[in-house]
There are 2 protein chains.
Amino acid sequence: MSIDAAREYLQTQGKAVDAYLAQMFASHTRPARLFEAMNYSLLGGGKRLRPVLCLAAARALGRDEVEVLPVAAAIELVHCYSLIHDDLPAMDNDDLRRGKPTNHRVFGEALAILAGDALLTYAFEQLSRPLAIPADRQLRAIHVLAHAAGCYGMVAGQAEDILQTGGTGDAATLEFIHLHKTAKLLAASVEMGAIVAGADARQVEALREYGIHLGLAFQIMDDLLDVIGTTEELGKSAGADQQLDKLTYPKLFGVEATEKLAHDAVLRAKQALQAGGIASDVLFGMADFVIRRRS
Amino acid sequence: MSIDAAREYLQTQGKAVDAYLAQMFASHTRPARLFEAMNYSLLGGGKRLRPVLCLAAARALGRDEVEVLPVAAAIELVHCYSLIHDDLPAMDNDDLRRGKPTNHRVFGEALAILAGDALLTYAFEQLSRPLAIPADRQLRAIHVLAHAAGCYGMVAGQAEDILQTGGTGDAATLEFIHLHKTAKLLAASVEMGAIVAGADARQVEALREYGIHLGLAFQIMDDLLDVIGTTEELGKSAGADQQLDKLTYPKLFGVEATEKLAHDAVLRAKQALQAGGIASDVLFGMADFVIRRRS
């Protein structure tokens, strides 16, 4: 079963990502408290889904994971920064993340903001250092990540999410939020793996398409888990969306229709792989994995 | 007089930077409120010192400013993001910047944090897009900027500044803060101009050295202006450092000795130019300018 292949790959390569990230800020630099705050969120667990998707895409195109690890790790830096800032009191005001107190609850707001800024900035420091990758591919990977993370991607999604909270947004608004807040960074993850591996335009486009639908499925599931999951399973506060009166799929369509939407997105993700001629058990299985997960 | 040349260059090229930045986020994209918040701080005046230094360095090496403008503009994005985040309630809690209410006073904390995140991220989107510059130079410029802005540069300086507030730091701590919070980004500005212009290693090093001392002079003067300037002249709250009990040069050494330190730094900046064989009236004059300014 490809879902088992995906689970195993996620576990094995997730550990490789963990090990890579663990040495990134291991040496003691001033101010120590800033680096502690960065490491607290960076090394605080998590599935490492985004970097592993990047590795899996490169592997699907015949590239060794070890060569792509520095690029994959940069994506996780961006993801971790976004979690720190999203949890801030001025944003979602969350106390719990990955089963532990959120960054600002431990280090205070100022240091949490700065730790987020530092992780985001280091993603680009990491991606621009001399790597065993042609310079033009490195540049393209940087561009894809920045575009997916900034005001035309994740930040736009988070801003719209904040602006819609407690409001009466429609399905189009909800799709905008999920596409920008979640799907674009997941799509960028596979796209970056493809670019670094030297994929042609058709392969890059197919993997990007796959990533978008995978990302939508992931976020629809996230909305659902907030309703049907427990705080213990999730490692973050269950029911937080409802408490903040967030615009979500279950709120607009109910639980059953939401489950169907998630399955549709998974189907489209798989179709994109097939259309692009990408034969990867792991990438197929990952599509099933994101809607079967419980956290 | 080279200071007049510097003033005129700053004015002329500052306008070119203004015009470039004004069209950057001119088209309406969703969510509009996010782009308003970004433009509010990006187009809110300011001397454009950092991008103009980048242009002047490239010009000193025979490159036309127009080719370097996209790179110079990226530096101003990073500077503006840092102002938004520094002014936040959790940080310096400032109400006034460039003579106007600070970003979070107008748009709220959540959007101010996101506008800062977006400007920072877009700096790297901008620097990685196809430009009429060799890819390896673009990559080096990105690396220099990220290193100067992140946890080994500006963010480290800001974190140390926050951690020292109200404390009893020594001169070495103060120098760490100023070097990292201000001087490194100014040095990166001239260094990036040099790299993009195709400077050799000796020229890059000389301009970097110049930028460090220029940056220190600039920040020492900033400390001084907080004491001797008025809110009207500065466009930001005078006496804010004292009110927050910040570690500053006047606090440690008094006004007179601080003035001497600023002059020493200017001298060292000029010596670096001479040692590197950089003949630029504008860069020499800029060193005098940063300690003669009143805002």
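The values are calculated or read from the model by the stated rules, or taken from the named source; none is laboratory data. For clarity, every value in this text was computed on a predicted model and none was experimentally measured. All Cβ positions, glycine included, derive from the backbone under ideal geometry; neighbour counts span all protein chains shown.
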Helices (runs of 4 or more DSSP H) lying entirely in region B:167-284 (those with 3 or more residues that are among the small types (Gly, Ala, Ser)): B:184-196, B:201-228, B:255-275
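Taking A:ARG30 as the residue in question, decide whether it is within 14 Å of another protein chain (Cβ to nearest Cβ) and either crowded, with 23+ Cβ neighbours inside 10 Å or under 30 Å from B:THR173 (Cα atoms) (or both). It would help to see each step written out before you state the result.
On the way: within 14 Å of another protein chain (Cβ to nearest Cβ): yes; either crowded, with 23+ Cβ neighbours inside 10 Å or under 30 Å from B:THR173 (Cα atoms) (or both): yes.
Yes: the conditions hold for A:ARG30.
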Identity of the residue in region B:233-262, touching a residue at least 40 places away in the same chain (Cβ under 8 Å) and acidic (Asp, Glu), that ends up surrounded by the most Cβ atoms within 10 Å (Cβ to Cβ): B:GLU233
Residues that are part of a loop (DSSP other than H, G, I, E, B), at negative phi and either of a type outside the set (Lys, Arg) or within 15 Å of the chain's Cα centre (by Cα) (or both), drawn from region A:44-74: A:GLY44, A:LYS47, A:LEU61, A:ASP64
Contacts under 6 angstrom Cβ, first residue in region A:186-197 being farther than 21 Å from A:GLN219 by Cα, partner surrounded by fewer than 24 Cβ atoms within 10 Å (Cβ to Cβ), 6 or more apart: A:ALA194/A:GLN203; A:ALA194/A:VAL204; A:ILE195/A:ARG137; A:ILE195/A:ARG140; A:VAL196/A:ILE133; A:VAL196/A:ARG137; A:ALA197/A:LEU61; A:ALA197/A:ARG63
Of all residues making up region B:1-58, the number that are farther than 30 Å from A:GLU160 by Cα, among the polar types (S, T, N, Q) and modelled with pLDDT of 95 or more: 3
Checking B:PHE35 against (1) within 11 Å of chain A (Cβ to nearest Cβ); (2) in contact (Cβ under 8 Å) with a residue 12 or more places away in the chain, the condition it does not meet: (2)
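A:PHE124: buried (at least 24 other Cβ atoms within 10 Å of the Cβ), without any contact (Cβ under 8 Å) to a residue 60 or more places away in the chain and at the interface with chain B (Cβ under 10 Å from one of its Cβ atoms), yes or no?
Values: buried (at least 24 other Cβ atoms within 10 Å of the Cβ): yes; without any contact (Cβ under 8 Å) to a residue 60 or more places away in the chain: yes; at the interface with chain B (Cβ under 10 Å from one of its Cβ atoms): yes.
In short, yes.
Listed here are the residues, each with its yes/no results for (1) closer than 20 Å to A:ASN103 by Cβ; (2) among the polar types (S, T, N, Q).
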| site | (1), (2) |
| --- | --- |
| B:LEU88 | yes, no |
| B:ARG97 | no, no |
| B:ILE133 | no, no |
| B:GLN138 | no, yes |
| B:VAL144 | no, no |
| B:ALA159 | yes, no |
| B:ASP170 | no, no |
Lone qualifier among A:LEU119, A:LEU114, A:LEU77 - being crowded, with 24+ Cβ neighbours inside 10 Å, more than 18 Å from the chain's Cα centre (by Cα) and either within 11 Å of chain B (Cβ to nearest Cβ) or in a strand (DSSP E or B) (or both): A:LEU114
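Can you spot a residue in region A:74-90 that is of a type in the set (Gly, Ala, Ser), in contact with a Phe, Trp or Tyr (Cβ under 8 Å, 6 or more places away or on another chain), under 21 Å from B:ALA146 (Cβ atoms) and touching a residue at least 40 places away in the same chain (Cβ under 8 Å)? Step through it out loud before you land on a result.
Looking only at region A:74-90, we keep the residues that are of a type in the set (Gly, Ala, Ser), and these are A:74, A:82, A:90.
Next, from what is left, pick out any that are in contact with a Phe, Trp or Tyr (Cβ under 8 Å, 6 or more places away or on another chain): A:74.
Still in the list and also under 21 Å from B:ALA146 (Cβ atoms): A:74.
Now restrict to residues that are touching a residue at least 40 places away in the same chain (Cβ under 8 Å): A:74.
The answer is yes; a qualifying residue exists.
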Condition broken by B:ALA265, with the remaining ones in (1) surrounded by 20 or more Cβ atoms within 10 Å (Cβ to Cβ); (2) in contact (Cβ under 8 Å) with a residue 60 or more places away in the chain satisfied: (2)
Qualifying position, being assigned to a helix (DSSP H, G or I) and free of Cβ contacts under 8 Å to residues at least 12 places away in the same chain, among B:HIS104, B:HIS143: B:HIS143
Residues that are more than 9 Å from chain B (Cβ to nearest Cβ) and of a type in the set (Gly, Ala, Ser), drawn from region A:158-178: A:GLY166, A:GLY167, A:GLY169, A:ALA171, A:ALA172
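Return yes or no: is B:ASP136 surrounded by fewer than 20 Cβ atoms within 10 Å (Cβ to Cβ) and part of a helix (DSSP H, G or I)?
Details: surrounded by fewer than 20 Cβ atoms within 10 Å (Cβ to Cβ): yes; part of a helix (DSSP H, G or I): yes.
Judged against the criteria, B:ASP136 is a match.
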